[in-house]
1. Per residue and in cubic angstrom, what volume does the convex hull of the Cα atoms of the stretch 9-49 have?
2. Any idea what angle helix 50-71 forms with the longest principal axis of the chain, computed on alpha-carbon atoms, 0 to 90 degrees, nearest 10?
3. Taking Cα atoms, how many degrees apart are the long axis of helix 120-139 and the longest axis of the chain, rounded to 10 and kept between 0 and 90?
4. If each residue's Cβ is checked for other Cβ atoms within 10 Å, how do ARG142, ARG39 rank with the fewest at the top?
5. Restricting to Cα pairs below 8 Å that are 6+ residues apart, what does the relative contact order work out to for the chain? Please round to a whole percent.
6. Give me the one-decimal Kirkwood hydrodynamic radius in Å for the stretch 11-206, with the sum taken over alpha-carbon pairs.
7. Per DSSP H run of n ≥ 4, the term is -39500 (n - 2.57); total these for the chain, divide by its residue number, and report the mean residue ellipticity at 222 nm rounded to 500 deg cm²/dmol.
8. Which length gain, in nm to one decimal place, applies between TYR81 and TYR45 when the Cα-Cα distance is subtracted from 0.36 nm times their residue separation?
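Nothing in this text is a laboratory measurement; each read-out follows from the coordinates by a stated rule. Here the structure is a predicted model, which means the values were calculated and not measured. Neighbour counts are summed over all protein chains in view; Cβ atoms, including those assigned to glycine, are modelled from backbone coordinates with ideal geometry.
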Amino acid sequence: MNPVFPLSLSTGWFLAASLLLGLLFGFFLERAGFSSALRLTAQFYFRDWSVLKVMFGAIVVALLGLAWLSLVGLADMGQIYIPETYLWPQLAGGFMLGAGFLLGGYCPGTSLVAAATGKLDGIFFLAGILTGIFAFGLVEPRLGAFPGSGARGPLTLPQLLDLPAGVVAFLVTAAAVGAFWAAEMSETEWRLFGRTYGKEQAREAGN
C-alpha cells in the first residue's frame, strides 16, 4: 500500500511510474525552454519570467492538488516526507546554488534537460555538479558540526507562520497571481523598450 495515496503498486510498477513521471517532467521543462541558458538567465535581467511562471505555477498546482485530495480522503498529508531543516548549511548551499545558476545559466534539473538534448554547456555544467558532489563528499567529514548546525526539524509554512494550512494555501496562491501579473508587466515593458530602442537605432543608422 502506498503511504500517501490509497494505491497498491508493486515495486516494478512503482519504478515504471516514477520513470514515466521523470521523463514527462524533463519533457515539459524542455518545452518551456528550460534547456536554454539564455532563456533561464533572462529572468535575472527582468526580461523573461518563464522560470518564475512555470515553477511557481507547478508549486500552486501541487499545493492545491494535494490539499483537495486530502479533503476527499485520497491523500494522507501526514505521510508525506518533509526533509529536516538545517538553517546555516542550507543557506550556504542555497547561496552557492544561486551563484552557480547565475554564472552558468542552469540549475541541477535544467542542466540535465540541456545535457539530454546534447547541449555542450549543459553537459559541462552537469559535470561540474557531479564534481562538486564528489568534492563535498571528500571534505564533509572535515566540516565538523557545520552540516548539522541550525537544526529546526521538518518545518512547513503553516508551522512557521502559525496559520491553518488552508490560509497558507490561499496566501501562496494570491502571491502567485500577483507574481504572474508583475512578470507580465515587466515583460511588456521590456518589449516596448526593445521596439522603441530598435526604432531609434534604425533612425540613427539612416542618418
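1. 70 Å³
2. For 50-71 against the chain, the angle is about 30 degrees.
3. With rounding to tens, the tilt is 40 degrees.
4. Listing ARG142, ARG39 from fewest to most nearby Cβ atoms yields ARG142, ARG39.
5. Contact order relative to length: 27 percent.
6. Result for the stretch 11-206 stands at 20.2 Å.
7. -23000 deg cm²/dmol
8. Computed gain between TYR81 and TYR45 is 9.4 nm.
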